[in-house]
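Read-outs: derived from the displayed coordinates by stated rules, not from any lab. This is a predicted model, so every value here is computed, not measured. Heads up, the Cβs are rebuilt from the backbone with ideal geometry, glycines too, and the neighbour counts pull from every protein chain shown.
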Ligand code: SF4
Ligand code: SF4
């Protein structure tokens with residue numbers, strides 16, 4: 001079972017949910033921090049780093065002595081990462097997606113690929129949690145490539161929780177692709193509602209079943225609830241706006257460690273999300289979504 005924790009905006013408590021869910025799962029779990037531009041799951045997880053992998057991308061480099069300025073490469077590049085003005089092309093590395101296409105179309109073999117570092121992936125063991133985090137190098141804009149690399153390291157034999165970047169941009173789409181279920185974390189404010197609507201549009205476009213967690217209940221108003229009710233979106237958990245939780249968060253403590261009463265609530269949530277994954281069928285989930293986005297068990301049709 002692969003579950004992603006996402007939100008239309010930052011600061012909603014997405015990482016809090018991801019970490020507490022992982023900590024409260026009874027079995028081995030993989031937690032993958034895909035918020036590679038500002039990863040922060042590690043602030044709540046203290047374990048032994050087992051590996052740091054440097055991630056490189058193959059970027060084009062021009063051998064000017066072989067180039068006749070034909071422009072085939074820049075015509076091919078749909079990301080406008082190459083431009084020719086009669087001579088060897090100019091490369092705009094920040095636009096390059098390292099697809100390798102320009103090297104292939106250049107019949108004069110004037111393009112070679114050189115590794116360019118974009119970031120690292122840390123592997124950390126924290127009790128029963130295998131924790132992976134991607135860290136994008138400063139000034140690098142290849143977040144999607146690093147998210148893809150992170151997901152390639154995912155062990156499909158164990159449950160995985162992906163902490164997605166905030167928003168609805170390309171790194172979020174890259175994180176959500178292929179997951180079985182998405183938990184959208186929001187807060188009950190007009191801002192939370194606005195960004196929740198964007199996130200709902202995204203997961204519906206991707207056809208992934210989803211539910212909502214409302215964090216900081218007590219601030220704002222009921223418009224998030226009314227929206228979810230009207231669209232038949234399940235609200236799976238509500239967490240109150242509690243100063244004690246904020247204080248624990250500010251000290252790098254997770255909710256379940258400081259407030260044991262939350263262990264049951266996160267256990268119920270994780271049970272409802274993970275219990276129906278069918279390990280006997282090679283880990284394939286038996287959960288599907290109906291038209292309303294509710295998660296149901298295809299064996300007995302029960303709504304989860
Ligand atoms: S396709 Fe090759 S030869 Fe043509 S402009 Fe590009 S690098 Fe130069
Ligand atoms: S590798 Fe792909 S994206 Fe990068 S410049 Fe070449 S064609 Fe464009």
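Set the Förster radius R0 to 41 Å, insert the Cβ-Cβ distance between residue 197 and residue 109 as r into 1/(1 + (r/R0)^6), and round the FRET efficiency to 0.05.
About 0.25, to the nearest 0.05.
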Q) Ratio of region 57-117's C-alpha Rg to 2.2 N^0.38 Å, to two decimals? A) 0.97
Q. Which residue, 48, 221, 68, tops the fluctuation ranking in a GNM of the chain built on C-alpha contacts under 10 Å?
A. 68
Q) Which ordering of 159, 46 is given by a fewest-first count of other beta-carbon atoms within 10 Å? A) 46, 159
Q) Within the P(r) computed for region 128-261, what percentage of the Cα pairs occupies the region above 21 Å? A) 52 percent
Q: Please work out the FRET efficiency for the pair residue 217 and residue 154, using the Cβ-Cβ distance as r and a Förster radius of 45 Å; give the result to the nearest 0.05.
A: 0.90
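At 0.36 nm per residue, and after removing the present C-alpha to C-alpha distance, how many nm does the segment from residue 261 to residue 26 gain when stretched out fully?
Here the answer is 83.0 nm.
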Q.
What would the Debye equation give as log₁₀ I(q)/I(0) for the chain at q = 0.12 Å⁻¹, counting only Cα atoms as equal point scatterers?
A. -0.82
Q: Using only the alpha carbons, work out the radius of gyration and Dmax of region 1-114 in angstrom.
A: 21.5, 63
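Report the full-extension gain for the segment residue 127 to residue 243: residue separation times 0.36 nm, less the Cα-Cα distance, to one decimal in nm.
38.9 nm is the gain from fully extending residue 127 to residue 243.
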